[in-house]
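J.: Structure below; questions to follow.
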Amino acid sequence: MRTRGELAGTRMPWTRTAHTLALLVLSAGSAPCLAAAQGTLEDYRRAERFLPQNLEGLVLNERVAPNFVGETDRFWYLRDLPDGREPAFDHARLAEALGEVLERTVEPTDLPFQRFEFADGEDAIVFQVEDTGYRCALATYQCEPEPEVEGPSRAVSPDGRWVAFVRDYDLWLRATESGWEVRLTHDGSHGHAYATPLPNPRQMVSEGTAEPEQEPAVFWSPDSRRLLTYRIDARKAGTLSMVQHAPPDQMRPAHYTYWYPLPPDTVLPAAELLIFEVGTWKRTPVAMEALPLQYYGGPRGEWSESSRELWVTFTERGYTREQLRAVDPETGAARVVADEPGDPIVNTYASPRHRFIGDGAEVIWASERDGWMHLYLYDARTGQVKRQLTRGEWVVRGIMHVDEEDRVVYFTAGGREPGRDPYLQHLYRVPMDGGGPRLLTPEHAEHRVSFSPSGAYFTDTFSRADLPPLSVLRRASDGAVVMELERADISGLEATGWTFPEPFEAVARDGETAIYGIV
């Protein structure tokens, strides 16, 4: 079942997502002289029409992004119409009611929120406008502020009783009901802070500060008894600086300094992993070396469903080795589950590249050990490989879903289908206990899929640089099309004079290597 919703905003033409090499081909006779005329005003205006911001809205229904209702297979999605969005409810009544609460005019075709959730047995919807939540009853279309309606946050414990936050570089917890606070650490400082990722300079500029607001880096256990976090030591790490010459709020340039490792650096920012227990406030260091950080952000942790174990990925500098490690939250002891040495480097292209199953009894791991990225089934308790699930001269691109009951892995891959561009992704399923992969998306195109909570269905939007997107709903067991959802309307783009790129295949100078691209 599907319902349709409204979205304020548009998307870029689908060709921006094509996994091919784009080439501009000029004949020798028409090669431009860079020192010649710079072009007329009309030339610039014609080129400006194809800037991304001017192409927005010219392609309708480029992709279906399903929003599943709870844990069911029912979903709604956002459908574009030439004059707005197709309504999921009475948008005119909702716009009028919401306008009264916001004390401003709200257009039915441009509601001021992009996502909503059903509530009260689907008799109401909840959403956010700026920083405030609202609940609107669909029977009466009465809207009331509901400040507690917020987006998902990893800072809040699963049971909703605690929220983590950082104050003066230290990690704190606050009881959501009483407001009582407990300070978990006492020695945080600038460059040696708790639960604070390395800030992205883009966010610095956006917020106009060298210490932008970031969500606390905490990973709660499902039973809410413990949380995993880290403390990054960047005190001796190298930095880079940048200047914003024309800030929007001042005449003088703004300066920003941020941590960023460079190849000659001998000291990198490193994250020490820590576990805290709620109630006792016990602090347990994870018994492994600090994780070197090669970019912004910080490491991540993943808990088992039973909360008896957690997993982290350790990557050596230069991607010379990657290990999946299991941690005992009681003691902090760590052991290696999967070890991937690089030859010369570990290819981390497959994403996601691992999936634990059976509460951590087994793990599916993507590896290039036979020369091609493929899936392996591990016994996660012993660290031994039980079975290679896929093989051949083609590349696994990511694990999309695992059906633990039927023991089937769904994954994307490229290069398996003969005569096709190997950059294009298809979806397959393969049994964990023996048997070969089965193709579920046969069309010669790039496939982007999204599974329903049960895993019984998935939406599939497929396209190529010369093929407009088509979105369908498929059955996961065999890939059969249950129904067509949307065909992209590119008439607005074509009206600008735009024409399809031309895919091509060529042979490299070595006379053997195939090169795929678009002109």
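J.: Considering only residues that are in a loop (DSSP other than H, G, I, E, B), polar (S, T, N, Q) and crowded, with 20+ Cβ neighbours inside 10 Å, which ones fall in the range 180-230?
T.: Listed by number, the residues that qualify are THR196, SER221.
J.: Quick one: which residue in ARG308, ARG317 is touching a helix residue (DSSP H, G or I) at 6+ places or on another chain (Cβ under 8 Å), farther than 22 Å from GLY398 by Cα and basic (Lys, Arg)?
T.: Just one listed residue meets the conditions, ARG308.
J.: Could you list all residues from the range 164-173 that are buried (at least 17 other Cβ atoms within 10 Å of the Cβ) and either at negative phi or outside any loop (DSSP other than H, G, I, E, B) (or both)?
T.: First, pick out the residues of the range 164-173 that are buried (at least 17 other Cβ atoms within 10 Å of the Cβ): 164, 166, 169-173.
Across the range 164-173, the qualifying residues are ALA164, VAL166, ASP170, LEU171, TRP172, LEU173.
J.: ALA456: among the aliphatic types (A, V, I, L, M) and buried (at least 20 other Cβ atoms within 10 Å of the Cβ), yes or no?
T.: no
J.: For TYR260, work out the one condition from (1) surrounded by 14 or more Cβ atoms within 10 Å (Cβ to Cβ); (2) within 23 Å of TRP365 (Cβ to Cβ); (3) within 23 Å of the chain's Cα centre (by Cα) it doesn't fulfil.
T.: (2)
J.: Among the numbered criteria (1) modelled with pLDDT under 95; (2) open to solvent by 10 Å² or more (accessible area, probe 1.4 Å); (3) farther than 29 Å from LEU81 by Cβ, which one does GLY497 miss?
T.: Result: GLY497 fails condition (3) only.
J.: Output the residues belonging to the range 413-435 that are crowded, with 17+ Cβ neighbours inside 10 Å and among the charged types (D, E, K, R).
T.: ARG416, ASP421, ARG429
J.: Of ALA445, ALA476, which residue is over 22 Å from GLU62 (Cβ atoms) and either in contact with a Lys or Arg (Cβ under 8 Å, 6 or more places away or on another chain) or open to solvent by 10 Å² or more (accessible area, probe 1.4 Å) (or both)? It would help to see each step written out before you state the result.
T.: On the way: ALA445 fails: over 22 Å from GLU62 (Cβ atoms).
Exactly one of ALA445, ALA476 is over 22 Å from GLU62 (Cβ atoms) and either in contact with a Lys or Arg (Cβ under 8 Å, 6 or more places away or on another chain) or open to solvent by 10 Å² or more (accessible area, probe 1.4 Å) (or both), namely ALA476.
J.: Tell me, yes or no, whether the range 428-441 has at least one residue that is farther than 25 Å from PRO82 by Cα, part of a strand (DSSP E or B) and hydroxyl-bearing (Ser, Thr, Tyr).
T.: Yes, there is a match, as at least one residue in the range 428-441 is farther than 25 Å from PRO82 by Cα, part of a strand (DSSP E or B) and hydroxyl-bearing (Ser, Thr, Tyr).
J.: So, in the range 77-97, how many residues would count as being of a type in the set (A, V, I, L, M, F, W, C), under 25 Å from ASP460 (Cα atoms) and surrounded by 18 or more Cβ atoms within 10 Å (Cβ to Cβ)?
T.: Of the residues in that region, 2 qualify.
J.: Still on this structure: Give me the residue from the range 350-375 that is more than 22 Å from ALA334 (Cα to Cα) and crowded, with 19+ Cβ neighbours inside 10 Å and, out of that set, modelled with the lowest pLDDT.
T.: ALA350
The values are calculated or read from the model by the stated rules, or taken from the named source; none is laboratory data. Quick caveat, the model's predicted, so the values are computed rather than measured. When we count neighbours, we look across all protein chains shown, and the Cβ atoms used for this are built from the backbone with ideal geometry, even at glycine. To get the accessible areas, we keep the full protein, side chains included, count just its heavy atoms, and leave off ligands, DNA and RNA. Shrake-Rupley method; radii C 1.70, N 1.55, O 1.52, S 1.80 Å.
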